[in-house]
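K.L.:
First the structure, then my questions, so here it is.
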Amino acid sequence: MENKWVRAALPALLIHGSIGTVYAWSVFKQAIADDIGTTVPNIEWAFSIAILFLGLSAAALGHFVERDIKKSALLSTLFFVVGMIGTGISIHQKSLLGIYIFYGVIMGIGLGIGYLTPVKNLMLWFKDNKGLGTGLAVAGFGLAKMIFSPIMVSLQLNVGLWQMFVILGVVFAIMMLIGVILIKKPADWQEKPLENKFKPLNLIKTPNFIGIWLMFYLNITAGLAIISQEKDILMGLKTNSGSAIFSVAAVTTIVSVDAFFNAAGRVGFASFSDRLKDRNTIYRVIFIMSLIMALSAYLLPDQATLMPIVIVTTFFLINAGYGGGFSALPPLLADRFGMHAISKIHGMTLTAWAAAGLSGNQLASFIVHGLGMDYKMVFIVIAVLYAVAFIISITLVDSKQTLIE
């Protein structure tokens, strides 16, 4: 069948729905640390390395994705599946270095190639609704955590930790290979050899690219800083009598609903950008919304009746804006720089994700644990980051298309 749902949307969901399970990291990181006899901070580096290599591989291999999406989808499958199964074997062998190599480097490369592969194809098939197209794919990346987290918990309990990685490696291989078979560019689209003339240095010198990179980086850093603290913040909320406001079950439910808002933001914000004259406006909406919520959470007194509602709403909306920042990015880049080298340009912009993956969690940890400050300080710090991002969105990022050949 030659239609956008079979050739673009479905393979995108199968690929992104597999690699998006990287966000389920918190489900098994403690178990890995306990199993191999090390600390969680040591294990955390595996996730940071994976996000780092996601960004680096996306930047380095964007041209490869441009040329042949079937081959890039297959290469992504190979790296991701080998990374998953290798992680399981490394856990079985009690090898921290093996986990760094397989989960961090190898799986990270699979993440970068796989993240890029369906995006341009979706924008080609959904040419009149690019935001909707990319929103569908990136929503799959967000929903993967919600779908597979309970499966991972069940597998750990019933078959074991390292066996979970091997079993899921096989499941993801099947899902992604179906995606490889189905994915195909529209018959009326012909790649032009423009990528041979594409000069990255010309791109990174343009105010548009610098501004978009910084906006993307700040949105992810601020989002990760607060998302990484959600559980601790919610558990720390007390009533006047000193008892916890939220039970463990309630906190678990709230964190799960966060994943829904993350996915809904990916579809909603990107789709809404299709109706706007300038897609950059959607980023301004995200930054103002997130800024207002962060300030509200910071300024409201701890004992205020509305405080729990404001905190939970802040988490939901920041998660939505965090997700929307990912899905609104490719259409914005296409509007500014054209479609023919979009995978390479998108890949270069994803280096902001690599950088933010290293700085977001560490920022919140430094404020709360390093400086010994109250968690509310995280809200004011990210409010400043959102304010800076908003200023960048109205100064550096203009509405003109930039020629970068």
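The values are calculated or read from the model by the stated rules, or taken from the named source; none is laboratory data. Nothing here was measured: the structure is a model prediction, and the numbers come from that model. In this analysis, Cβ positions are derived from the backbone assuming ideal geometry, glycine residues included, and neighbour counts consider all displayed protein chains. Remember, those area values only see protein heavy atoms, side chains included, never the ligands or the DNA or RNA. Shrake-Rupley method; radii C 1.70, N 1.55, O 1.52, S 1.80 Å.
K.L.:
Being surrounded by 18 or more Cβ atoms within 10 Å (Cβ to Cβ) and either in contact with a Pro (Cβ under 7 Å, 6 or more places away or on another chain) or without any contact (Cβ under 8 Å) to a residue 24 or more places away in the chain (or both) is the filter here; which residues of segment 123-166 pass it?
P.N.:
Scanning segment 123-166 gives Met123, Leu124, Trp125, Lys130, Gly131, Thr134, Ala137, Leu155.
K.L.:
Here is a further query. Is segment 255-270 home to any residue that is closer than 21 Å to Leu385 by Cα, part of a helix (DSSP H, G or I) and over 18 Å from the mean Cα position of the chain (by Cα)?
P.N.:
No - not one qualifying residue is present in segment 255-270.
K.L.:
Now, a different point. Mind listing whichever residues of segment 347-389 are open to solvent by 30 Å² or more (accessible area, probe 1.4 Å), modelled with pLDDT of 90 or more and under 20 Å from the mean Cα position of the chain (by Cα)?
P.N.:
Within segment 347-389, Thr351, Ala355, Leu385 meet the criteria.
Condition check ((1) at pLDDT 95 or above; (2) open to solvent by 50 Å² or more (accessible area, probe 1.4 Å); (3) within 25 Å of Leu350 (Cα to Cα)) across all residues:
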| site | (1), (2), (3) |
| --- | --- |
| Gln30 | no, yes, no |
| Ile36 | yes, no, no |
| Ile51 | no, no, yes |
| Gly55 | no, no, yes |
| Ala60 | no, yes, yes |
| Val65 | no, no, yes |
| Ala73 | yes, no, yes |
| Thr77 | yes, no, yes |
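K.L.:
Is there a residue in segment 21-30 that is in contact (Cβ under 8 Å) with a residue 60 or more places away in the chain, assigned to a loop (DSSP other than H, G, I, E, B) and under 28 Å from Ala58 (Cα atoms)?
P.N.:
Scanning segment 21-30 turns up at least one residue that is in contact (Cβ under 8 Å) with a residue 60 or more places away in the chain, assigned to a loop (DSSP other than H, G, I, E, B) and under 28 Å from Ala58 (Cα atoms).
K.L.:
Could I ask something else about it? Hey, among Phe287, Phe261, Phe316, which residue is free of Cβ contacts under 8 Å to residues at least 60 places away in the same chain and touching a helix residue (DSSP H, G or I) at 6+ places or on another chain (Cβ under 6 Å)?
P.N.:
Only one candidate qualifies: Phe316.
K.L.:
Here's another thing I want to ask about it. Return a yes/no flag: does segment 231-248 have any residue that is under 20 Å from the mean Cα position of the chain (by Cα), under 17 Å from Thr314 (Cβ atoms) and assigned to a helix (DSSP H, G or I).
P.N.:
yes
K.L.:
May I ask you to list the residues in segment 262-279 that are open to solvent by 60 Å² or more (accessible area, probe 1.4 Å) and under 23 Å from His16 (Cα atoms)?
P.N.:
Phe272
K.L.:
So, in segment 182-215, of the ones that are over 25 Å from the mean Cα position of the chain (by Cα) and of a type in the set (A, V, I, L, M), which residue ends up modelled with the lowest pLDDT?
P.N.:
Taking the candidates together, the pick is Leu194.
K.L.:
Within segment 230-239, can one find any residue that is small (Gly, Ala, Ser), modelled with pLDDT of 85 or more, within 29 Å of Gly370 (Cα to Cα) and surrounded by fewer than 19 Cβ atoms within 10 Å (Cβ to Cβ)?
P.N.:
no
K.L.:
Right, something else. Would you say Ala9 is open to solvent by less than 20 Å² (accessible area, probe 1.4 Å) and either under 22 Å from the mean Cα position of the chain (by Cα) or under 23 Å from Ser149 (Cα atoms) (or both)?
P.N.:
When the stated conditions are applied, Ala9 passes them.
K.L.:
Taking the condition of being of a type in the set (Val, Ile, Thr), closer than 21 Å to Leu237 by Cβ, open to solvent by 40 Å² or more (accessible area, probe 1.4 Å) and in a helix (DSSP H, G or I), how many residues in segment 280-335 meet it?
P.N.:
Matching residues across segment 280-335 total 3.
K.L.:
In contact with a helix residue (DSSP H, G or I) (Cβ under 9 Å, 6 or more places away or on another chain), among the aliphatic types (A, V, I, L, M), over 23 Å from Lys277 (Cβ atoms) and not in a helix (DSSP H, G or I): does that describe Met377?
P.N.:
No; evaluated as a whole, the condition is false for this residue.
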